[in-house]
Each structure stands twice: as structure tokens, then as C-alpha cells.
Amino acid sequence: MNAALSWMKAYVPDLDVTAQEFTDAMTLSGSKVESYRCLDKNLEKIIVGQIMKIERHPNADKLIVCQVDIGEKTIQIVTGALNVKEGDKVPVVLDGGKVAGGHDGGPLPEDGIKIKKGKLRGIESDGMMCSIEELGSSRDMYPEAPEMGIYILPEDASVGADAVELLGLHDAVFEFEITSNRVDCYSVVGLAREAAATFRKEFHPPVVEPSGNGENIEDYVQVEVRDTDLCPRYCARVVKNIKLAPSPQWMQRRLAASGIRPINNIVDITNYVMEEYGQPMHAFDYDLLAGHKIIVKRAGDGDQFQTLDGQLRTMDHDVLMINDAEKEVGIAGIMGGENSKITDEIKTVVFEGACFDGTNIRLSAKRLGLRTEASGKYEKGLDPNTAFEAINRACQLVEELGAGEVVGGIIDIYSKKQEPVRVKFDADKINSLLGTQIPAEEMKGYFRMLDLGFDEDNQEVIAPTFRQDLHCLADLAEEVARFFGYDNIPTTLPSGEATTGKLSYKLRVEEIARDVAEFSGFSQSMTYSFESPKVFDKLLIPQNDKLRQAVPILNPLGEDFSIMRTLPLNGLLTSLSTNYNRRNKNVKLYELANIYLPKSLPLSELPDERIQLTLGLYGEGDFFTVKGVVEELFDKLGMAKRVHYQPDCDRPYLHPGRKADIVYEGMVVGYLGQIHPEVADNYKIGDRVYAAVLDMPKVIPFVDFDRKYTGIAKYPAVNRDISMVVPREILAGQIEDIIAQRGGKILESYKLFDLYEGSQILAGHKSLAYSITFRAKDHTLTDDEVSAAMKKILNGLEKMGIQLRA
Amino acid sequence: MKEQLERIKEEALRKIEASDALEKLNDIRVAYLGKKGELTSVLKSMKNVAPEERPKVGQMVNDARALIEAKLEETKAALARKAREEQLRREVIDVTLPAKKANIGHSHPNMVALKEVERIFVGMGYEVVEGPEVEYQDYNFTKLNIPPNHPARDEQDTFFINPEICLRSQTSPVQARTMEKGKLPIRMIAPGRVFRADEVDATHSPSFHQVEGLVIDKRITLADLKGTLAEFAREMFGEDSKVKFRPHHFPFTEPSAEMDVSCFKCGGKGCRFCKGSGWIEILGCGMVHPHVLEMCGIDPEQYTGFAFGVGLERIALLKYEIDDMRLLYENDIRFLKQF
């Protein structure tokens, strides 16, 4: 919403502030000023001069030499503009003054253009006569200005006076960010009311005088509202004997400052009232309304209608239409029809001031793909009482401007009267909500400034219908806070019962996971939760796989963001790919984020959101690097049991010979492996990629933060080494299972210290060597004890067909 | 005899003097003081000495022995010292050669900012909780005083799954979920992912993070809200940070405000970060709307509260001077390494 300071001042005459003061104070009272533009920026030493004499320039055909009376003296100005004549009054910038821009109307330089006296082709020039562009404005705002020439001031301008003042350029235009609850502030009157309250000045809203001749509108037009649910109020008035002409300068300037191009008096009046009251107005050509009738009703499904922009549009039953006796003539609140639009031939006009259901207008505009200035206002939900006031204001302006003859009377179909809301006032409660001690009388003073009524008997605030945002005491508290000043409210800390600050258990575990991943060299990545269904193909997921059962988004930004991910690999592989293709070497990334598994599709309840720790690397590191991070994490999480790795698992995105499920206490808690080379190709990664994924909800139940000290061993350990040749398909894990199960109580640890596969070994076999450590807590082990334990282990290994080497 | 002793002594001392290695010293010891050493043989020839002379000669031999031993020890120590010095000289390294780093990974800037926010609020007694990212519209909207057909539900802002379920467009539904649990008082923050239908560009992302805050107790005031958030700003942006509260509108708070913090780049003088205003918009906040309290089963006559929501990316971008939001989701290691 844009509004000029001068327009608001018209309703708050005592308002005397700079643009910056206005900006700061209005922002703090709740009408946020996003930016402002001072129209007199860089306009210095510009006064009214009168051209007394014009002579040809002796040395240049395209220049003239003017003698200009500037009051106390006459100065000589050389100019190339040829639209001036002797006797004209013009804006003159004196030596040492400034103008805002060049005569070409291009972008205004930040510091303006300094004007100095000097010689033009040998002839002294003491200043410059200005075009409207040089004054920083445009012909949009000053349509009477000549194209490419000096602006000619009115004949009654007084020589030597401030020309900037005369042109109304000592003004500023503000851009407001109005919050959606303050529909009333999408109008100059509403903003002026706020300004008056903010600066504690008198507010003088426009006074709407009765208008109209002795005739009766009922003799001209009939109105029928069939769908009153979508049109709570419809007002119509008729103006005949239209005399189209430009509107007066004051109106044109106010419209231009609001960003609206002046057109003619009738169009300008409707636009002016829309800005002033925030109420869109529509004008129909009376002679084009068949049967001189207006019927407001829903469109028929599939109706074709040509809007005044020439487009043919298809309606549906939820779009409200304005009809005459025979046909549709306008989409209510959105845009009029080609068939009833105002032309220069207009003789009689029907003004519409209506209130339509905001939600319906918003939804209709969206379905039709036609969002207009009017629909933008209506969709916020307008006050039906403003419609009545605005249409009368328009007719008053028609009379003031002599734009036509207003027919007496008004048609007003107001099916459900909007009543002011009454809110119980309780100063103590307001103070206890705000943490203040503001006297009740002071609060009531604020309400008065805002035109809120007050019922002393019942101690109730009466919110006028234009204030649709006031319903409860908290709303009143905000009004008090705004005008008491948020700045003046004390700052305290909550008292009351102390609470313990902490992370949830899940977040504590996640924090450890992040720490372990980072200490292991992995950096944290963040990727989107939604992705493309094509991801499943890239990851080689079979067609009927359950992972393809993803939650779809109804209105995605595109196919690439259309489903909620069911596995976390795509994000990580995409990030690794980005790095790889930017030639970053040795990249290790991890992500801790959710996947979304639907319990059923279509979704009837929320999906299962499962947080996944995903590790991935290329370059330095391998399978056992990511395996190491998994085990470091389990260690830190107090998961002391043996972790098992199950290579026989269904992970199509992993290398078939380099993959495993991670099994803890019989439960698959994740998987790891080398990414299948075909998948890596799909992601354009030309290197081996290793990844591990932990399904954290499965890990968390095993987490144990309890720690108990077990005593540092006092008695010596005994080491025994064994070396064996085993068939390749026997896994180290199976051998370790035997050692762990058969080592007995005295087994302390075991460690693989040699692994060899090659020519010296029987084909299809490998050689493994373990160092096994035994220790007792309470005595020095005897040879017999150790040998007994070793014998058990060796027996077990032999049963597996393992040959021990000497 | 005496001359012989003198000669042995002189000779031994000279040899010791000339020694440049520990082994040589040992040889000398054996040659003179050993069982078959020269001095020992002198002692052995004592039987040829007149008995009255013997003590005197014995003394002389002992003196010579002591002298040689002392000299041996002294020289040995000197050689050891020399050897240590030699070792130290040999072991000089170029301390400016590259360090061997463990190459620890880096946290995402969002996480760095979040940890900071969590640290501050946990210190003030807030619990960190979470809520679902795919959320019932009832929690995302209705219970936050955004009834059906409210423009805020418009498709342009929210991703929908079906008429009941959407991707949460804010962390505020966690407010409603926490209140519904009925455990009072409440002091919580809820960080998490949120989703809005914004095309990806330098300042927008369809997925970003917020941190919600909620305090519900008896006698909580707008003044408490101001005090708490001013404290947060000082901790987050520096001790000298000032805050400014501007009235605003959110459906689920009343009164509502936006909080600006004095620009932490220029200190409020005006620069490109604050677009010359000296202030940076940081968060939205307000007193929990009584209607919301009621819908979540809390008696607004008994309890009041405040709530706030901070955009994590906004803080990360401002604090770390990141000029393009897309960098946050590309995960280029050269970017991540800076945090």
C-alpha cells in the first residue's frame, strides 16, 4: 500500500513531521513503513521565474537567450527548450542549486545534478529553467507537462516563490507493509487515522455530503441479489449527463503518488475512492445494461465470459457474476466485462459499491488466474458499511468535479447487517498481560484516538465495523501496547517455577552421532526431504519394492521435489556428486535427517518419520573406514555387545560383494557397503563410493549411558597366537564368533594381526592369524587354564574344517 | 718404583685425555686398573718392597688409582654430554613443515547457529523438543487460530499431502502439541525443518529451518517476552546488541511483534547488511492467543504465555555473511570446511 504524506495530511491537518519521523513512529505503532521517497529530494534553489524577453542565440541556431524575472532581479538564461514564450512563468533553478534528474527522464542520480552559472556558446547563463523530468517527476504525475520541454507554471504563480512548493513536490510517498488483519489500513483514511493516533493529532475524515437530484434511482435501475451468502451488501447509484474530462490536478497528483495513472474524471473518481476508502468501485455503462437490471448470482458451470481485458474465460458455479436482464456483464469483485465497459461515448453510468465474500473472491480469482487490484482488496474481507460510504463519496466527488448529474437515491441491498463487536474492558487484566501499570483512563484515551466506542455502563469497548480485528481482551491489549509504545513496556524475565533446560534423549543421541561422525572426518550436509520418483531408478530399486511407496506432495514445485524420501542415499550421493564434479578430492559427508515411510497409501495417518545417520565418502577411505565410524559410535553410545555384519542382504544400491546389514543383538539397525558402481555412474561419480546408513530409531533403544568402572587388571595377561588356513568363504566374523563363544571367562580380547591370500596358500583359501589374550581378575593364570581355553577354541575351529598352521 | 708409578699415571692420564669414545675409556680401565692391569701388577710386585716402605708405596698406588678413576669418570661424563649434544644437533627438525591433522569434519552452518540458540535457551531452563515434519493441518493451522479458508493456508505457501495432512509450514505446530500434553509450566524450544512452496533462489528455499519457542506459566507478561528475547539477542549477537519490538500480526499470538536487533555488522550505523537502517529483522513473537490456549486445553484465565519463531538460515546467512542460500544445500566441502 502506497500513500503520499500530503494525502494523509488532508485528514490530519496538524500533522507536521519529516518523512523519517513519520516512518519511525508509524512503524513502531504497527503500520510498518517499508520505504519512502521524498519528492523534493535534490531540489534546491528552485523558484518561480517569469520570462520577460526571448532572443536568438547569436552563435547557435538551436539555443535561445531568455531574460527571466526572479523577483529581486532579472537573470539571463540560455536554453535549448523551444516551448517557452515571453510572459510564461517557469521553475528556475538558480546558480548553486540542484535538480533531481536530467531532461531525458532517466534514472535519478543519487545526489542530483548541481547547477552552476557559466557560458553556453559564449553567452552567460545564470541558471536553468526546468522540465518536469528535471524536477524528478514525470508526465504520468503531471500530464499537463509538455513532452520534452520546460514546465509552464500557472499564470497566477507569484514570481520569486518556491516553485517546488507550488508543484506540490514537498511531499513524500510511503510504502507500507500492512498486516492481513488490518484491512482498514489498506486505505488512505485508515492510515491517516493511525497517523493521527500515533502523533496524537486530530483526525478529520472526509465528510460525505448528500448528493443527487430530485429523481429517484428506482426509476432507472433495479438490483436483485440472488446469492446473498456471497454478497452481503450491494449498493448502486446512477450518474447521468456524464461530462468526461481530465480530473483536477490535486486528484491526479494523489493518484499518481499512489502509483495510479490518471485517465479521466469518472475513472479517476473510482480509483480515488478505492485508495481513499480501500473500497473497490465499479462503473457500468447504463445504456449497455439490458433491461436496466442488475442481478448478482453464481455463474453457470462452463459459462464463457469475455472480461474487459479482451480475454475469454470459463466460469464455474462458485464464481459470483454480475448480470443484466439477459447476460453476464462482470465477474463480481474481480473484473468487469467487455460488453459493459466504459467508453468515451458514455452518457450514464451505474456505480457499484459492493461487499463480496472475501474467501470466495480469493478462491475464484485463483481458479480463474485473474488477480486484480479489486480482487486483492476484496479478498481481505471488506466492511459492508464502507461500501455504502464509498459510493456516496464517489457521487459527492462527481458533483464537486462537475463530472455529471447524480440521480437521487441509492439502491442498497444489505441482507445481513454487520454489527459492531463489543469487547469487555478490564484494565487490570490488560496490565497483567503486558507487565505494565497503565491507568484505565489512559487506555480509554487510546481507544478514543482510534475511533473505538466505549460503553461506560457495561465497561465495553465498541469496535466499529471497519475494525474487524478486535474480538477479545488480548486484541485490546495490543491496541494499548501499540500506543503506550512497545519500547516503554518494561523488560523482565519470567518468574515462577524453575525448569530444567535439557535436550530430549533422542537429541542427545543425535548430538553424539554428529560428534563421532565429525571426529571421524565427516562433514555435515543438509539436503531436501523431497525428491524425484526417478531416484528409485537411479538407485536400482526394483519396481515393486516397498521403498517406492513414497508420500506424494499434491502441489510440488516440480517432479524433482514431488515425493517424500523413503531412503536417505539420494541426498548424500547428489552432494558427493556435486563435490566430485567440482574436482574436490577426498570428500567425506554425513547427514542426520528423516526419511518418511507411509503406514499406508493413500496416507490416512502421519507417516513414520525415521531419523537416519548417513555416511558417505569417496577418495581416501574404504568399506572399513565407514565400518569404523559405525563401531566408534556404538562404543560412545555404550553399545558394548558384538556387532554382526550380514553380507547376505537385499541392498540393490550396494556392490553385491561389498555390502552388509549391520546387526546388533539380532536386529538389523542399518547397512553399509560400497555403492554399486552402476549407481555411482548414475550420479556421475567416477570413484568408489562407500556409505553407511544407521536407522537411528532402531539404534536408540540399545543406547546405554550408564558407565561402571571395572578395575584395571592387577594380574598379568597371557597371549597366545594362532595361525590358520581357512576356505575363502569362511568369514573372519565366524572365526571370531568361535573365539568369543569358546574362550570362556578368562578371554580378555582377540585381534586379527595377519591376513594373507595368495600364491603360497592353497587355492581358494586364506591365511589368518589371531593374537588371543587371556587374563583373570583375581589371580595369575596358570598354563593349564590357558591351554584348556585354547583347546576349546581350537576344537571349535577344527569342527569348522579349519586347518591350524604350526 | 716411584718413577714407574709416575710413568704409569702419566701415561694413563694422557691416554684418557686422548680418548674420544666410551669403549676406549673402558679399554684404558682394563689396561691400567683391571686384574691384569699395569697398576694392579705394581700392587702385586709390592712383595719386593721393603716392609717399612710398603704403606707408603701402597698409598702412592692408591692415589694413582684414584686419580685415574676420577679422570676416567670425568671424561666419561664429558663424552656422554658430547654424545647427547650430538644427538640433539642431529635431531633438529623444521618446525614449519605441515602439521599432521586428524582432519576432523565440520558442522553445517545451520547446525552451528542452532547449537548456539540451544545453548542459550537450555541455559535459561528451556527443554529442546521436536515435532513431526509431515503434520496434520489441524496442528499446522486450525489449532494455531488459522481456520479453514484462511489465506495463510493458500497453496502458494504450503505443500499439501491431502485435505488433512501437509508439510508443516512452520515449527509452531509443536506449540500446540506441547500444550496439549498438559504438563505445565512449559519452557521449550523446538528446532526443525519447515517447508514452503518457494522456488529455489539466492534468498529462498522450499525447505528451511525454524526454532520455535514457547513459555506458558502463570503471570507471564509481554515484558517477560521482551526481557527474554533481549537476553537471547545479547548472547547470540553480542553484549552490545540492542533490540526493538514492532507491532505485527500473527494469527496465533496477540499482541504480536517483530523483533529487530541492532545491526551486528555495523553496530547500528547503517551498512549493506542492514540496508542502511542499522536494524536487522530477526524474529516474530507474541503473547499466545487465548483462543490457541483454549484449543490446546489450557485455561487462559489461569495461564498466559509467549511464543517466538526464529529462522535459522536467516541467522546463519547474516552471521556468517553467506550471500546465497543455495550454498547451504549444495554441501560443497569447500563451503562446509569454513564452519
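The values are calculated or read from the model by the stated rules, or taken from the named source; none is laboratory data. Being a predicted model, the structure only gives us computed values, none of them experimental. Don't worry about glycine lacking a Cβ; one is built from the backbone with ideal geometry, like all the others, and counts go over all protein chains shown. These accessible areas exclude ligands, DNA and RNA; they are computed on the full protein's heavy atoms, side chains included. Shrake-Rupley method; radii C 1.70, N 1.55, O 1.52, S 1.80 Å.
Computed over segment A:225-323, relative contact order equals 22 percent, with contacts defined as Cα pairs under 8 Å that lie 6+ residues apart.
Counting only residues at least eight positions apart within a chain, or on another chain, the lysines with an alpha carbon under 20 Å from that of B:Lys9 are B:Lys24, B:Lys35, B:Lys36, B:Lys44, B:Lys56, B:Lys71, B:Lys76. Within segment A:87-138, the ratio Rg/Rh, alpha carbon atoms throughout and Rh by Kirkwood, equals 0.99. When a/c is below 1.5 the answer is rounded, else prolate if a/b is larger than b/c, else oblate, so apply that to segment B:252-339 with a ≥ b ≥ c taken from the square roots of the Cα gyration tensor eigenvalues. Oblate. In this assembly, the A-B interface accounts for approximately 7100 Å² of buried accessible surface in total, computed with a 1.4 Å probe and without ligands, DNA or RNA. Residues whose amide H comes within less than 5 Å of that of A:Leu120, counting only those at least five positions distant or on another chain, are A:Ser125 (H built at 1.01 Å from N in the peptide plane).
Where does chain A land at 222 nm, in deg cm²/dmol rounded to the nearest 500, when only DSSP H runs of n ≥ 4 count, each adding -39500 (n - 2.57), divided by all residues? If you can, show how the numbers build up before the last one.
Numbers: 20 runs with 201 residues, N = 806.
That calculation yields -7500 deg cm²/dmol at 222 nm.
At R0 = 45 Å, how high is the FRET efficiency between A:Asp648 and B:Thr142 if r is their beta carbon distance? Nearest 0.05 is fine. Here the calculated transfer efficiency is 0.35. Remark: the protein assembly as shown is approximated by an ellipsoid whose semi-axes, taken from the C-alpha gyration tensor as √(5λ), come to 85, 43, 30 Å, largest first. Does segment A:363-511 come out rounded, prolate or oblate, given a ≥ b ≥ c as the square roots of the eigenvalues of its C-alpha gyration tensor, rounded meaning a/c under 1.5 and, failing that, prolate meaning a/b above b/c? The shape class here is oblate. Starting from the amide H of A:His676, placed 1.01 Å from N in the peptide plane, find each other amide H under 5 Å away whose residue is 5 or more places distant or on another chain. Amide H neighbours of A:His676, under 5 Å, 5+ apart: A:Leu654, A:His655. Normalised by 2.2 N^0.38 Å, with N the number of residues, the alpha-carbon radius of gyration of segment A:182-314 equals 1.29. Measuring with a 1.4 angstrom probe and ignoring ligands and nucleic acids, B:Thr178 comes out at about 20 Å² accessible. Annotation for A:Lys502 and B:Glu301: the two label points, set 7 Å from Cα along the Cα-Cβ direction, are 3.5 nm apart.
Using the Cα centre of segment A:85-137 as the reference point, and only Cβ charges (+1 on K/R, -1 on D/E), how large is the resulting charge dipole? Debye, rounded to the nearest 20.
Details: 8 positive and 10 negative charges, 43 e Å.
Rounded to the nearest 20 debye, it is 200 debye.
By the Cβ rule of 4.7 Å, chain B holds the following cysteines without a possible disulfide partner: B:Cys166, B:Cys285, B:Cys296.
Farthest towards the positive end of the charge dipole of segment A:1-121, among the residues A:Met8, A:Ile70, A:Cys38, is the Cα of A:Ile70, using unit charges on the Cβ of Lys, Arg, Asp and Glu. The residue among B:Ala307, B:Gly267, A:Ile263 whose Cα reaches farthest toward the positive pole of the charge dipole of the protein assembly as shown, with charges on the beta-carbon of Lys, Arg, Asp and Glu, is B:Gly267. For the pair segment B:129-205 / segment A:578-612, the C-alpha centres are spaced 20 Å from each other.
Phi angles across segment B:269-283 convert, under the Karplus curve 6.51 cos²θ - 1.76 cosθ + 1.60 with θ = phi - 60°, into 3J(HN,Hα) values of 6, x, 8, 6, 5, 9, 6, x, 8, x, 10, 10, 6, 10, 7 Hz, Gly and Pro given as x. The angle separating the long axis of helix A:623-636 from the principal Cα axis of greatest extent in chain A is about 90 degrees. Backbone geometry of segment A:224-236 corresponds, through the Karplus equation with coefficients 6.51, -1.76 and 1.60 at θ = phi - 60°, to 3J(HN,Hα) couplings of 9, 10, 8, 10, 5, 4, 9, 9, x, 8, 9, 10, 9 Hz, x marking Gly and Pro. For segment B:18-66, the carbon plus sulfur part of the accessible surface works out to 56%, probe radius 1.4 Å.
What's the carbon and sulfur percent of chain A's accessible surface, probe 1.4 angstrom, rounded to a whole number?
C and S atoms contribute 49 percent here.
Between amide H atoms placed 1.01 Å from N, distances below 5 Å from B:Ile220 occur with B:Thr304, all of them 5 or more places distant or on a separate chain. Interface residues of segment A:427-453, defined as those with an accessible-area decrease of at least 30 Å² between the chain by itself and the complete set of protein chains (probe 1.4 Å), are A:Lys429, A:Leu433, A:Leu434. Restricting the GluC sites (Glu not before Pro) of segment A:23-128 to loop positions (DSSP other than H, G, I, E, B) with no more than 13 neighbouring Cβ atoms within 10 Å leaves A:Glu72, A:Glu86, A:Glu110. Take chain A with all the other protein chains still there, run a 1.4 Å probe, and you get 45 Å² of accessible area per residue. The charge dipole of chain A, taken about the Cα centre with unit charges on the Cβ atoms of Lys, Arg (+1) and Asp, Glu (-1), comes to about 4240 debye, rounded to the nearest 20.
Which entries of A:Lys45/B:Lys244; B:Lys181/B:Lys244; A:Lys502/A:Lys641; A:Lys506/B:Lys183; A:Lys636/B:Lys100; A:Lys659/A:Lys791 have Cα-Cα distances beyond 27 Å here? Where the Cα-Cα span goes over 27 Å, the pairs concerned are A:Lys45/B:Lys244; B:Lys181/B:Lys244; A:Lys502/A:Lys641; A:Lys659/A:Lys791. Taken over segment A:335-452, lysine pairs spaced eight or more positions apart, or on distinct chains, with alpha carbons under 29 Å apart number 18.
Annotation: lysines with alpha-carbon distance below 20 angstrom to A:Lys599 (same-chain offsets under eight excluded): A:Lys546, A:Lys698. Relative contact order for segment A:120-239: 10 percent, from Cα pairs under 8 Å spaced at least 6 residues apart, divided by residue count.
Here the label points at A:Gln76 and A:Glu400, each 7 Å from Cα along the C-beta direction, are separated by 4.9 nm in the simple model.
Taking a straight line from the alpha carbon of A:Lys684, these lysines sit under 19 Å away, with near neighbours fewer than eight places off in the same chain left out: A:Lys534, A:Lys538, A:Lys585, A:Lys588. Hydrodynamic analysis of segment B:176-284 uses the Kirkwood radius over alpha carbon pairs. Inserted into Stokes-Einstein at 10 °C and 1.306 mPa s, it gives a translational diffusion coefficient of 99 µm²/s.
For segment A:579-618, the Cβ-based charge dipole about the Cα centre amounts to some 460 debye (Lys, Arg positive; Asp, Glu negative; other atoms uncharged). Taking Cα atoms, how many degrees apart are the long axis of helix A:188-198 and the longest axis of chain A, rounded to 10 and kept between 0 and 90? With both axes taken from Cα atoms, the answer is about 80 degrees. Taking every alpha-carbon pair in segment B:17-57 and binning the separations at 10 Å intervals from zero gives 28, 35, 24, 13, 1 percent. Couplings 3J(HN,Hα) of segment A:758-772, computed from phi: x, 5, 6, 9, 3, 4, x, 10, 9, 10, 10, 9, 10, 9, 10 Hz, in residue order, whole Hz [Karplus 6.51 cos²θ - 1.76 cosθ + 1.60, θ = phi - 60°; x for Gly and Pro]. Per residue, the average separation of C-alpha pairs within less than 8 Å and at least 6 apart gives chain B a relative contact order of 15 percent.
Helix A:440-449 and the long axis of chain A differ in direction by around 60°, with both axes built from C-alpha atoms. Rounded if a/c is under 1.5, else prolate if a/b is larger than b/c, else oblate: which is segment A:495-593, with a ≥ b ≥ c the root eigenvalues of its Cα gyration tensor? Judged from the Cα gyration tensor, segment A:495-593 comes out oblate (a/c at least 1.5, b/c at or above a/b). Within the shell of other residues whose beta carbon sits under 11 angstrom from the beta carbon of B:Met179, the net charge comes to +2, with Lys and Arg scored +1 and Asp and Glu -1.
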